[in-house]
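The values are calculated or read from the model by the stated rules, or taken from the named source; none is laboratory data. As the structure is a prediction and not an experimental result, all values here were calculated from the model. Cβ placement follows ideal geometry from the backbone for every residue including glycine, while neighbour counts extend to all protein chains displayed.
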Amino acid sequence: MKAELISVGTELLLGEIVDTNASWIASRLPRIGLDIYHKSVVGDNLERVVDTIERALSRSDVVIMTGGLGPTEDDLTREAIAEALGEEMFVDPDMERALRAFFAARGVDFAESNVKQAKLIPSASALANPRGTAPGWFVEKNRAEGDRYIIAMPGVPAEMYRMWENEVAPRLREMTSEVLITRVLKTAAVSEAKIDEMLSPLLKSTNPSVGIYAKIDGVHARIGAKAANEEEARALIAPVEEKARRILGAAVWGADDETLEAVVGKMLRERGQTVATMESCTGGLLSSAITDVDGSSDYFKGGYVAYTAELKIALGVNRAIIDEHGVISSETAGEMARAAREVLSADYGVGVTGVVGSDSVEGKPPGTIHIAIHDGERAESITYTYNQGRVVNKRRAVNTSLFLLRRTLLAAGS
């Protein structure tokens, strides 16, 4: 079955709010056997929303909408669906009673405009929304093109997530005959072209299929398989994943939803070891990433954001090193790693310095990054220049720091 997504809201159209709902839903459609070929964003205009729905119904079996279910005049999703299908809306008395009770239980005055959230059309059934006031719609309609389904959910992510998982996905899964399951292997320190070359014997496979994608945290190898159910799909994926892991070896650092900071944290915890950081150009983002992981206090001693040369020196960085090589240098990064490790009594220190802004510093161009790991005996460093703007430069430096720490841990053994 073919699915199509429609996001409703002028704030989405103008970029005032990022449409995270569409990407979240799209990532879950293959798991329940739905193919997606089209996504649309439309503003709060009745005529345009109706036109978008009609176009979607002409080419897709399932139309999934988010947004426009609120009580205000510019919430037009219900009206648009009714007009597109030629049906009249009516107030469902049970829904209205439940809605009034929702407000009364919270001691909030009930504005009569809320009654529109209790409306249905004959071909729609309500989808429960215990996290908010706007029920969703599940519409079933037989048209000239065949059976069509429209699912309308609130735009508030917390409400939409719960409605999808509990009310929508189980119902849609019963309507499909196969699922698409994916397994993503995440790699580091190998180029996209090289990964493609290494996995070329597997790329000709159709089920499972294998695709290569460059991401901010490395190159991902995505293995996807279609089958009647998840168990059969995973059985198809397993031997291909085994071959891919054998080919890629230590380049694979994680899979699926695993993050680099969590993987590195797990390695430290299993070894009973600790890490400390001193960073300048990343402004504390490395420490923030490390501490995004539950239980990071087991292995993270702490970190310094030493943005000036004076603070670096005050924290133990050798002034002579900075005077000779400059702040933006692999030598200074190594000194920062050593100082962080020693001051905080950690097993490993990480030092990061570089140019993330738009201007050159010490004659070094934007995107120049120096990272070092100190293990108590020596510093291992890496230098690169890759300028994609301040925010991306900082995130890339964090990921590269974690890649280098992982490589150091692997070299040290368990």
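Residues that are on the phi > 0 side of the Ramachandran plot, at pLDDT below 95 and either of a type in the set (F, W, Y) or not in a loop (DSSP other than H, G, I, E, B) (or both) are absent from region 162-173 altogether. Within region 181-210, being among the aliphatic types (A, V, I, L, M) and crowded, with 20+ Cβ neighbours inside 10 Å holds for I181, L185, A188, I195, L199, V210.
Restricting region 374-396 to residues that are in a loop (DSSP other than H, G, I, E, B) and among the acidic types (D, E), the residue that is modelled with the highest pLDDT is D375.
Filtering region 24-63 to residues that are in contact with a helix residue (DSSP H, G or I) (Cβ under 6 Å, 6 or more places away or on another chain) and not in a helix (DSSP H, G or I) leaves I36, K39, S40, V41, V42, G43, D44, V63. Are there any pairs with C-beta distances below 6 angstrom linking a residue in region 372-399 that is in contact (Cβ under 8 Å) with a residue 12 or more places away in the chain and assigned by TED's automatic domain parsing to the domain that holds G357 to a residue that is in a loop (DSSP other than H, G, I, E, B) and of a type in the set (G, A, S), with the two at least 6 apart or on different chains, and if so which? Within 6 Å, the pairs are T385/G367; Y386/G367; N387/G367; R390/G357; N393/G367. Inside region 124-141, residues that are touching a Leu at 6+ places or on another chain (Cβ under 7 Å), under 15 Å from M65 (Cβ atoms) and in a loop (DSSP other than H, G, I, E, B) make up a count of 2. A single entry from G283, G357, G334, G351 fulfils the requirement of being assigned by TED's automatic domain parsing to the domain that holds I382, part of a loop (DSSP other than H, G, I, E, B) and touching a residue at least 40 places away in the same chain (Cβ under 8 Å): G283. Restricting E342, E310 to residues that are surrounded by fewer than 21 Cβ atoms within 10 Å (Cβ to Cβ), over 22 Å from P365 (Cα atoms), in contact with a His (Cβ under 9 Å, 6 or more places away or on another chain) and not small (G, A, S) narrows the list to E342.
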